[in-house]
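A.B. asks: My structure is below; once you've seen it, I'll send some questions.
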């Protein structure tokens, strides 16, 4: 083994040692989100209701399951309880408070159309600005919630099997087949990196 190969192996071990506990905590958070009726452990019931309403706007129930069907609010609660640092928890709580106040009245008191318009406006503001400009706390809340909603949803059983294509043990290679035999155009359930 030459020096370069040794350095590659050592860096892979170091990354694994650092990332391993975090990855296990994400899996634990996902498992906790699948227990129906579990009380929130980090957020208050009102904060949980606000997060659930935003997650439902991000991935609503249509002809496929939505964020609420996949237990995303419980997943987000577990992530903040078990995975995120105190600084990240405080950032999210501050952003959540700003989001709830910025619409003129509490988010849960808005009707469905007003809620969707408010989330859409903040999301549009967040993606329209240059990447180097800091987001307003309310827009930051929407983007953090979007990232966690997508992560929780696509890690869930409904998200990975009913929305994405999923084959537990893929079969043999089939070249040049019609699209209808290749999953009807759905994306495959694979590891992805979410970027905001």
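The values are calculated or read from the model by the stated rules, or taken from the named source; none is laboratory data. Bear in mind that the values here come from a model prediction, so they are computed numbers and not experimental data. Glycine gets a Cβ as well: all are built from the backbone with ideal geometry, and neighbour counts include every protein chain shown.
A.B. asks: Just the residues that are at pLDDT below 90 and either buried (at least 17 other Cβ atoms within 10 Å of the Cβ) or within 15 Å of the chain's Cα centre (by Cα) (or both), please, taken from the stretch 39-69.
C.D. replies: 40
A.B. asks: Condition (residue is within 16 Å of residue 56 (Cβ to Cβ), at pLDDT 90 or above and in a loop (DSSP other than H, G, I, E, B)) applied to the stretch 140-157: is it met by at least one residue?
C.D. replies: No, the conditions are met nowhere in the stretch 140-157.
A.B. asks: Test of understanding: among 121, 105, 101, which residue is part of a loop (DSSP other than H, G, I, E, B) and at pLDDT 85 or above?
C.D. replies: On the way: 121 fails: part of a loop (DSSP other than H, G, I, E, B); 101 fails: part of a loop (DSSP other than H, G, I, E, B).
Of 121, 105, 101, the one residue that is part of a loop (DSSP other than H, G, I, E, B) and at pLDDT 85 or above is 105.
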